[in-house]
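Heads up: the structure comes next, in structure tokens.
The values are calculated or read from the model by the stated rules, or taken from the named source; none is laboratory data. In this text, all values refer to a predicted model and were calculated from it rather than measured experimentally. We place every Cβ from the backbone using ideal geometry, glycine too, and count neighbours over all the protein chains shown.
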Amino acid sequence: MKTRTRLDGSRVIHSLAIDERRDEWRRLIPQLIGEQCYLVFSSELGLHCHGGLAGLTAIGLSALIGQAMPDAYRGPLPAIAVVDDHLRDGSYSPEGSAMVFDAIVLHELSHIVTNSVTPEMCAVPDPESLRDLVQADWREWKSHSGSLRWIGHDSRFIRVLIHLWSRMRSRGHWTSLALAFSHKSYGLASAERYRLALGDEPGDFDFRPIGEITALPMPPKFQKLWTDDVVRSLSSVQVSKGKK
Ligand SMILES: [Zn+2]
């Protein structure tokens with residue numbers, strides 16, 4: 001296990017072992033979002049996921065954790081499940097697995113923050129529909145379907161993602177923004193371009209609740225980049241309809 005000591009004396013673990021890295025993330029998440037969150041692997045839940053799915057968050061996950069991992073269950077909480085098959089089967093180097101794992105957690109955590117998911121919302125008694133859902137391609141999910149591929153990953157999501165990324169970085173953890181936001185899948189500009197357009201906002205508001213930040217108007221450059229992306233995506237939908 002590689003460790004290093006930060007200037008404030010707290011230790012940041014950079015283990016490449018996925019299970020240890022998960023434990024470190026579990027400690028980090030409350031520091032980032034101010035709330036507890038389950039972080040589990042699909043294999044622990046017995047979830048058989050479609051090949052394209054890397055991770056997910058859903059309010060029904062909490063109850064599934066209660067069923068499959070009763071020893072770990074502490075009541076309804078927001079939850080993230082990382083699909084771990086490819087992280088463990090040698091598809092990636094240990095460094096690659098760690099990077100992909102971090103990117104998945106950051107992405108799913110951004111959904112939780114963007115949707116303001118609370119423990120109360122996660123008191124869903126029947127998680128069985130989730131078992132069926134994950135067997136389908138995520139692009140066919142109701143929450144992500146439609147002509148506009150960025151639905152579910154709009155400007156609010158991107159802003160939250162960059163804030164969380166920045167907070168991790170200021171606390172000693174680096175994650176690939178490009179891996180956490182596969183912009184080509186959504187037909188949007190890259191997360192790096194959005195990060196540059198957001199300017200100093202993440203650093204200036206490093207300890208402010210993210211819900212307060214997203215209630216503020218978007219910085220003009222960020223707003224313009226988003227508007228340009230929306231206009232382009234709308235025109236591409238009209239063009240493809242016109243071809244039919
Ligand atoms: Zn997503």
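Table for the structure above
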{"item": "Residue match in region 185-205 (condition: farther than 19 Å from ALA103 by Cβ, within 15 Å of the chain's Cα centre (by Cα), surrounded by 12 or more Cβ atoms within 10 Å (Cβ to Cβ) and not assigned by TED's automatic domain parsing to the domain that holds SER42)", "result": "no"}
{"item": "Among (1) within 14 Å of the ligand (Cβ to nearest atom); (2) assigned to a loop (DSSP other than H, G, I, E, B); (3) among the hydrophobic types (A, V, I, L, M, F, W, C) - the single one ALA136 does not satisfy", "result": "(1)"}
{"item": "Flag if THR114 is among the hydroxyl-bearing types (Ser, Thr, Tyr), at negative phi and surrounded by 15 or more Cβ atoms within 10 Å (Cβ to Cβ)", "result": "yes"}
{"item": "Residue check for GLU120: within 28 Å of GLU212 (Cβ to Cβ) and within 14 Å of the ligand (Cβ to nearest atom)", "result": "no"}
{"item": "Test: residue in region 150-166 that is in a loop (DSSP other than H, G, I, E, B), out of contact with any Lys or Arg (no Cβ under 7 Å at 6 or more places or on another chain) and away from the ligand (no atom under 16 Å from the Cβ)", "result": "no"}
{"item": "Of all residues making up region 25-43, the number that are surrounded by 15 or more Cβ atoms within 10 Å (Cβ to Cβ) and either of a type in the set (D, E, K, R) or in the same structural domain as TRP174 (by TED's automatic domain parsing) (or both)", "result": "1"}
{"item": "TRP141 being farther than 25 Å from PHE41 by Cα and within 14 Å of the ligand (Cβ to nearest atom)", "result": "no"}
{"item": "Those residues of region 175-197 which are in a loop (DSSP other than H, G, I, E, B), closer than 15 Å to ASP154 by Cα and not small (Gly, Ala, Ser), in sequence order", "result": "PHE181, LEU188"}
{"item": "LEU130, sole failed condition from (1) modelled with pLDDT of 90 or more; (2) more than 15 Å from the ligand (Cβ to nearest atom); (3) buried (at least 16 other Cβ atoms within 10 Å of the Cβ)", "result": "(1)"}
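Results for (1) over 19 Å from ASP102 (Cβ atoms); (2) modelled with pLDDT of 90 or more; (3) in a loop (DSSP other than H, G, I, E, B), shown as yes or no for each residue.
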site: SER143; (1), (2), (3): yes, no, yes
site: GLY146; (1), (2), (3): yes, no, yes
site: HIS173; (1), (2), (3): no, no, yes
site: ARG208; (1), (2), (3): yes, yes, yes
site: MET218; (1), (2), (3): yes, yes, yes
site: ASP229; (1), (2), (3): yes, yes, no
